[in-house]
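The values are calculated or read from the model by the stated rules, or taken from the named source; none is laboratory data. The structure displayed is predicted, hence computed values, not measured ones. Here Cβ is always computed from backbone atoms with ideal geometry, including for glycine, and neighbour counts include all displayed protein chains. Keep in mind that these areas ignore ligands, DNA and RNA; they rest on the heavy atoms of the full protein, side chains included. Shrake-Rupley method; radii C 1.70, N 1.55, O 1.52, S 1.80 Å.
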Amino acid sequence: MRYETSASWDAAPAYASSMAKMSEMGLLYVSLVLLLLSSVSAVPVQQMIMVLWFVSLGLLTLVNIGTAFGVYIASVALYSVKYAVGWSSPLERPDNYAMLIVAFSIGAFRLPRSRVRLRDGLTLVLGAFVVYGLLRSALGGFMTQVAFNKYMRQFGIPFFMLVLLRGASFSDREIRGLFSSLFILGGYLGVVSVLERLSLYQFVLPRWIADPALNQTYGSFRSGGSLLQFEWNGLVLSLIYCLLLFVLRANLTRNRAAAIGGALLCLVAILFTYTRAAWLATIAASAYLLLRPSEHSAAFATTRSRVVAGVVVVALTASTFIAFPSKVATERVEDSGTVTYRLDLWQAASRMAARRPLFGYGFDEFETEVEAYAGSAKWKDSRPVVHNTVFDVLVELGGVGLALYGAGLILIYRKARAAAAVHWGREGAAWVLAFAMVYFIQAQFVVAHEPTVNLIFFGTMGAVIGLNLSRDGIGATGRVG
């Protein structure tokens, strides 16, 4: 799917705009196919395919930087988990080289002519938070190579890309390119999740998803996707589902059937993660986006929203009670063991934070220190994670870190909502709220350190904040072709 803004294409002949769009989308598909093939080929062939993929990505950065960033996110979704479970060096990760290609293109060709002012409160707060976290752990002697990599994946790289994308001053065509690439990624993750649920691993790519030595979710009734983890799979799918609802709700798509089909596929895949936080966030976003009053007064707009809402309800009901008539969903809803487990962890985290309220224990130190605060909890001696992003920041980086983190998030939300409201009207502002709600609801039940998730959320927010309204016309609306 792709957007088309009349304000940006009217100046060009019809045949020229059509050929430009076809070549851009063709290059996107070629790049994604090469990326997937690079994970399945023999070593000599794989290296050749990888070089071709890097070339295609470099060309995409010149054609449409939004599309290129979306392909980079796809490479993170494919390769970052394999690195996490076995690779010894970041230099072995193709997605790190992809990041350098995208960052270089923005820094060399976009920032010098950008009209977005980067030296402001948002950049200052995000930079201060990243530097503070590094210094806090380094001065405490906790910043190992593993901790540094994790910190950069959780905070450093996503915030850095947010600032870069904001400075890139996206045109409407480029934000459409980003959305289109994310929709394709959502379709891929949805198909993989369904195949996992049906135990059809022989059809799943990359092949390491079917390797029990790498994929601890192998054979489970829950779908972990290419991220090899249920919660992250559900979070990525719910973010992309929220984007699809936005283009449907705001009537930005010409191919409504494809957009509805993509949304339904995401819904089924979210169901198959059997992650209650993902279900809760998806229901909340659906209710807010589909049931709120329409910006358009025409009866058609109201009818359209009701039809989409009805399709969503029917799909959820059918998927749960007809297509897969099992007790799994009911058992997940009624499972109180994990609720008690998290409550015990949060109580321990509260006691830890009270002991060191200002500067915390150092990044990635919760697992090391929590045993002393475990009491009689069943997870004593198991080195658990806190399963809550707010508690994680508070315990490890203290009140200073949490204040900087919270201030950064508030600024990101306010700037993105304001930019979306100017560009897409009230529907854009509503979508930013729903998008943030999907992320932060689930962040209360996990530590949001997965790079794919953070790049989708913070990268998209940065691109929206930096929308170059003067290039395509203020308030220009795109349509998905």
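For every residue, the table says whether it meets (1) within 20 Å of residue 134 (Cβ to Cβ); (2) surrounded by fewer than 21 Cβ atoms within 10 Å (Cβ to Cβ); (3) touching a residue at least 60 places away in the same chain (Cβ under 8 Å); (4) of a type outside the set (S, T, N, Q).
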{"site": "395", "(1), (2), (3), (4)": "yes, no, no, yes"}
{"site": "401", "(1), (2), (3), (4)": "yes, no, yes, yes"}
{"site": "416", "(1), (2), (3), (4)": "no, no, no, yes"}
{"site": "421", "(1), (2), (3), (4)": "no, yes, no, yes"}
{"site": "427", "(1), (2), (3), (4)": "no, no, yes, yes"}
| query | Taking region 41-83, which residues are over 17 Å from residue 205 (Cβ atoms), more than 22 Å from the chain's Cα centre (by Cα) and polar (S, T, N, Q)? | reply | 47, 56
| remark: Of all helices (runs of 4 or more DSSP H) fully inside region 240-353, the set with 2 or more residues that are at pLDDT 90 or above, out of contact with any strand residue (DSSP E or B) (no Cβ under 9 Å at 6 or more places or on another chain) and open to solvent by less than 10 Å² (accessible area, probe 1.4 Å) is 256-273, 276-291
| said: With the structure loaded, tell me whether residue 363 is assigned to a loop (DSSP other than H, G, I, E, B), surrounded by 21 or more Cβ atoms within 10 Å (Cβ to Cβ) and over 22 Å from the mean Cα position of the chain (by Cα) or whether it fails that test. | reply: yes
| said: So the check is Cβ under 9 Å with 6+ separation or different chains; which pairs have a first residue in region 30-51 that's open to solvent by 80 Å² or more (accessible area, probe 1.4 Å) and a second one that's part of a loop (DSSP other than H, G, I, E, B)? | reply: 47/38; 47/41; 48/41
| query | With respect to the numbered conditions (1) at pLDDT 90 or above; (2) surrounded by fewer than 20 Cβ atoms within 10 Å (Cβ to Cβ); (3) farther than 28 Å from residue 129 by Cβ, which one is the sole condition not fulfilled by residue 225? | reply | (2)
| Subset tally (residues that are modelled with pLDDT under 85, assigned to a helix (DSSP H, G or I) and aliphatic (A, V, I, L, M)) for region 118-146 | 1
| From the list 187, 234, which residue is open to solvent by 20 Å² or more (accessible area, probe 1.4 Å), in contact (Cβ under 8 Å) with a residue 40 or more places away in the chain and under 20 Å from the mean Cα position of the chain (by Cα)? | 187
| field | Test for residue 200: is it more than 27 Å from residue 444 (Cα to Cα) and either open to solvent by less than 10 Å² (accessible area, probe 1.4 Å) or not aliphatic (A, V, I, L, M) (or both) | value | no
| query | Going by the conditions given, is residue 115 of a type in the set (D, E, K, R) and not in a helix (DSSP H, G or I)? | reply | yes
| field | Subset of region 215-239 that is of a type in the set (S, T, N, Q) and outside any helix (DSSP H, G or I) - its residue that is farthest from residue 190 (Cα to Cα) | value | 216
| said: Anything in region 441-456 that is at pLDDT below 95 and open to solvent by 20 Å² or more (accessible area, probe 1.4 Å)? List them, or say none. | reply: 444, 445, 449
| message | Just checking, does region 161-173 include any residue being without any contact (Cβ under 8 Å) to a residue 24 or more places away in the chain and open to solvent by 30 Å² or more (accessible area, probe 1.4 Å)? | response | no
